[in-house]
1. Determine if region 43-54 includes at least one residue that is touching a residue at least 40 places away in the same chain (Cβ under 8 Å), assigned to a strand (DSSP E or B) and of a type in the set (A, V, I, L, M, F, W, C).
2. Sort out which residues of region 37-51 are under 18 Å from the mean Cα position of the chain (by Cα) and either surrounded by fewer than 19 Cβ atoms within 10 Å (Cβ to Cβ) or among the aromatic types (F, W, Y) (or both), and write them in order of number.
3. In region 165-212, what residues are in contact with a Gly (Cβ under 6 Å, 6 or more places away or on another chain), over 22 Å from S132 (Cβ atoms) and not in a helix (DSSP H, G or I)?
4. Any residue at all in region 108-125 that's farther than 20 Å from T82 by Cα, buried (at least 18 other Cβ atoms within 10 Å of the Cβ) and basic (K, R)?
5. Show the residue pairs that are 6+ apart or on different chains and have beta-carbon atoms under 6 Å apart, the first residue being within region 164-193 and without any contact (Cβ under 8 Å) to a residue 60 or more places away in the chain and more than 21 Å from A154 (Cα to Cα), the second being small (G, A, S) and buried (at least 24 other Cβ atoms within 10 Å of the Cβ).
6. Just checking, which of P138, P160, P200, P186 is of a type outside the set (S, T, Y) and buried (at least 17 other Cβ atoms within 10 Å of the Cβ)?
7. Quick test of your reading of the structure: K145 fulfils all but one of (1) closer than 28 Å to N10 by Cβ; (2) part of a loop (DSSP other than H, G, I, E, B). Name the failing condition by number.
8. Checking I80 against (1) part of a helix (DSSP H, G or I); (2) touching a residue at least 40 places away in the same chain (Cβ under 8 Å); (3) over 19 Å from G119 (Cβ atoms); (4) not hydroxyl-bearing (S, T, Y), which single condition isn't satisfied?
Amino acid sequence: MKTALITGANRGIGYAIAKGLRPDHRVIIGARDPKAGRQAAQELDCDWVHLDLEDPDTFGPALTKANGIDVLVNNAGILIETSMMEYPQDFETSMQIMLHGPYHLIGACRAHMETRGWGRIVNVSSGWGAFSEGMEGPGAYGVAKAALNALTFALPRDLPDCIKINAMCPGWVHTRMGGASAPRTPEEGADTALWLARLPDDGPTGGFFRDRSPIPW
C-alpha cells in the first residue's frame, strides 16, 4: 500500500483528498494544529503528523514518522490580502507556505520515490495564479501560486521519469478560504488531485489541470 501525505488536510479540500485516497493508500494528514490534525485523523481512521509549513523544523520529524512518502499533495495554503509592498512579512509568509515549503518537501520525499521507482506529486494551485486568467489572486496569493506553477513546470527536468509532478486548480470551492458562496463542494474540488495522485506510468507530468483537463498557465 502506497503512503500519501497531504499537507493542510485537517479540513477543506485537503480533508476531501485525504478521504478520497483513504481506501487504497496509507494516508497521513499534515496539520499545523495538533488538535485539529488528531481529530481529522480520528474521523478518517488514518495517521497524522505535526507539519507547519512556516516552520521547516517540523519537516524532518514529520517525514521520519511517515517513513517514506509515495504520494505528496502540497495542499496547504494561506490567503492574505494585504499590500505586498506595505506588508513584506505577509509576502514572505505566503511564499514560504505555498512555494518554499512545497519545494523542500519535494526534495525530502524524492529519494524514497526514486528508490521505489514510483512517485506522484500534486501541487494544489489556483486559476488566481495563472497568467492566462489575469493573475487575479489578491495580495501575494496569486504570485505564490504562479511561482508554484512555474516550479511544477520546471521540475520534471530534474526528476526521474518515475516521479510525476503536476499542478491543479480545484475551482471555487466552498471552504473557509473559498467562502459560503462558492459553488463547488470540497469533494468536487478534490477530484482532479485524486486523479493526479493515481496517474498511470504513461500519465502526464509538468502540467496544470482543472476538471482532469489541461489548462493554460
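1. First, the residues of region 43-54 that are touching a residue at least 40 places away in the same chain (Cβ under 8 Å): 49, 51, 53-54.
Next, only the ones that are assigned to a strand (DSSP E or B) stay: 49.
Then keep just the ones that are of a type in the set (A, V, I, L, M, F, W, C); that gives 49.
Checking region 43-54: at least one residue is touching a residue at least 40 places away in the same chain (Cβ under 8 Å), assigned to a strand (DSSP E or B) and of a type in the set (A, V, I, L, M, F, W, C).
2. Across region 37-51, the qualifying residues are D47, W48, H50.
3. T175
4. Checking region 108-125: at least one residue is farther than 20 Å from T82 by Cα, buried (at least 18 other Cβ atoms within 10 Å of the Cβ) and basic (K, R).
5. From region 164-193, the pairs are G171/G189.
6. Details: P138 fails: buried (at least 17 other Cβ atoms within 10 Å of the Cβ); P160 fails: buried (at least 17 other Cβ atoms within 10 Å of the Cβ); P200 fails: buried (at least 17 other Cβ atoms within 10 Å of the Cβ).
Selected residue: P186, the only one of P138, P160, P200, P186 that is of a type outside the set (S, T, Y) and buried (at least 17 other Cβ atoms within 10 Å of the Cβ).
7. The failed condition is (2).
8. The single condition I80 does not satisfy is (1).
Every read-out reported here was derived from the displayed coordinates using simple, explicitly stated rules and does not represent laboratory data. This is a predicted model, so every value here is computed, not measured. Ideal geometry is used to build each Cβ from the backbone, glycine not excepted, and the neighbour counts take in all protein chains shown.
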